[in-house]
Amino acid sequence: MPERAGGPERLVVGLGPVPPSAVEPVLGDVVFVPEPGPEELAAAEGAIVRASVTVGETELAAMPRLRVLARTGVGYERVDVEAAARRGIPVAITPGSNTNAVAEGAFAHMLHLVKQLGPLTALIRDGGWDERAAIPVGDLEDATLGIIGYGRIGRRVHHLADAFGMRVRAYDPAAEVPGGIRAGTLEELLRGADVVTLHVPLLPATRHLIDAAALELMRPGAVLVNVSRGGLLDEDAVLAALESGRLAGAGLDAFDPEPPAPHPLHQHPRVVLTPHVMGLSRRAAHATFVDAARAVRAVLDGGTPAAVVTPASSSDPDHPPRPV
């Protein structure tokens with residue numbers, strides 16, 4: 001192992017692809033190992049963890065000196081928070097670093113679906129110019145946007161919606177929602193929205209939040225966008241709603257599991273798919289790595305990360321660790 005005056009170097013490891021150029025300036029004199037082997041894992045005092053990596057009992061046992069684990073992003077469903085807590089290891093997340101990117105991603109999906117970019121592209125490629133009137137192009141202006149989850153991203157989505165001239169309704173059982181836009185229940189929001197976008201964490205109580213019963217409440221011809229977590233919706237139910245005409249389109253940036261298993265929903269012509277990258281713009285990805293490195297460095301220096309998941313917050317839908 002590397003040595004320094006007074007003892008071995010402190011090590012931080014990357015679990016999943018973490019660019020050294022983003023984290024090393026923040027970590028300073030701490031050695032960063034992007035592709036650790038068993039020896040480096042055993043010596044690691046900190047870990048920066050990508051969303052696709054699972055950290056459970058086995059992985060924690062391989063890192064007996066670990067003092068902090070920082071997840072790049074706000075999702076933590078692949079991390080055993082309770083196991084980490086038993087070892088006294090804080091699990092940090094990085095809310096805010098990709099807020100704008102995710103909100104813009106939600107609107108990218110909305111615009112693709114409402115403006116019929118997929119079908120219109122196919123029409124041009126197939127030489128169907130004279131058939132363009134058969135594909136109706138919609139508007140965001142004056143449409144009602146239902147925002148489920150009014151944390152950082154939900155608020156940013158609201159801000160962008162105002163610029164498009166949309167009417168906004170929002171529902172969140174935990175975060176405060178301004179009275180002028182607050183929907184008292186999820187059912188109220190679904191009944192009144194032309195476009196619904198999801199911005200809540202995946203918890204036991206939010207799994208399949210959008211199921212067949214929820215979709216039945218939505219206006220015929222509504223659009224559904226999920227750039228949060230795949231488990232929030234029932235893909236079978238979404239497919240049925242598209243086939244029946246209840247939904248006019250669905251935009252998916254998140255899947256359950258990831259990468260997703262083949263599903264007929266993914267082949268539907270009124271679905272747009274992105275591989276969970278809406279929060280990974282160049283600017284947002286860099287900020288996320290920097291914030292994760294800051295969280296690790298804070299603990300190694302005897303401090304506390306800015307945002308930490310606790311066992312209670314990871315299981316309580318009314319008290320999530322931070323709004324997303």
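Descriptive notes on the structure:
- Listed peptides 80-89, 159-168, 288-297 appear in the order 288-297, 80-89, 159-168 once ranked by packing, highest mean of other Cβ atoms within 10 Å at the front.
- Near the amide H of R182, within less than 5 Å, lie the amide hydrogens of A170, all on another chain or at least 5 residues away, with H placed in the peptide plane.
- Global geometry of segment 1-142, whether rounded, prolate or oblate, following the gyration tensor of its Cα atoms and the 1.5 cut on a/c: prolate
- Estimated inter-spin distance, A122 and R87, nm [label 7 Å along Cα→Cβ]: 4.8 nm
- Anisotropy class of segment 170-294 from Cα gyration tensor, a/c 1.5 cut: oblate
- Extension gain, T54-E131: 0.36 nm per intervening residue step, less the Cα-Cα distance, totals 22.8 nm.
- FRET efficiency for H159 and R283, using Cβ-Cβ distance with R0 set to 25 Å, rounded to 0.05: 0.90
- Between the amide H of R71 and those of V49, A92, I93, distances stay under 5 Å, these residues lying 5 or more places away or on another chain, with hydrogens modeled in the peptide plane.
- Computed from backbone phi, the HN-Hα couplings of segment 267-273 come to 9, 5, x, 9, 10, 10, 10 Hz, rounded to whole numbers (Karplus: 6.51 cos²θ - 1.76 cosθ + 1.60, θ = phi - 60°; Gly and Pro given as x).
- Dipole of the chain [Lys/Arg +1, Asp/Glu -1 at C-beta], most positive-end residue of A193, I89, V177: V177
- Segment 174-260: GluC sites (Glu not before Pro) in DSSP loop, at most 16 other beta carbons within 10 Å: E176
- Note that segment 174-190 has calculated 3J(HN,Hα) couplings of 10, 7, 6, 10, x, x, x, 10, 6, 9, x, 9, 4, 4, 4, 5, 5 Hz, one per residue in order, obtained from phi through the Karplus relation 6.51 cos²θ - 1.76 cosθ + 1.60 (θ = phi - 60°); glycine and proline are x.
- Shape of segment 38-107, Cα gyration tensor, a/c cut at 1.5: prolate
- For segment 1-141, carbon and sulfur atoms together expose 52% of the accessible surface, with a 1.4 angstrom probe and every protein chain in place.
- For the pair Q267 and E216, the difference between a 0.36 nm per residue extended length and the Cα-Cα distance amounts to 16.2 nm.
- Each listed q (0.20 Å⁻¹) maps to a log10 I(q)/I(0) for segment 133-206, found by the Debye formula over equal Cα scatterers with no solvent: -0.80.
- A170 sits among other residues whose Cβ lies under 15 Å from its own Cβ, and their net charge, with Lys and Arg +1 and Asp and Glu -1, is +1.
- Under the Karplus curve 6.51 cos²θ - 1.76 cosθ + 1.60, θ = phi - 60°, whole-Hz ³J(HN,Hα) for segment 45-61, x wherever Gly or Pro sits: 9, x, 9, 9, 10, 7, 5, 7, 9, 8, 10, x, 4, 5, 5, 5, 5
- The relative contact order of the chain comes to 20 percent, based on Cα pairs under 8 Å that sit 6 or more residues apart.
- Centroid-to-centroid, using Cα positions, segment 58-91 and segment 218-274 are 32 Å apart.
- Bridges between two residues of the chain, per DSSP, are antiparallel at a rate of about 10%.
- Spin-label model distance (nm) - E39 vs H208, 7 Å beyond Cα toward Cβ: 4.9 nm
The values are calculated or read from the model by the stated rules, or taken from the named source; none is laboratory data. Predicted, not measured: the structure shown is a model, and the values here were computed from it. Every residue, glycine as well, gets a Cβ built from its backbone with ideal geometry; the counts of neighbours run over all protein chains shown. Ligands, DNA and RNA are excluded from the accessible area calculation, which covers all protein heavy atoms including side chains. Shrake-Rupley method; radii C 1.70, N 1.55, O 1.52, S 1.80 Å.
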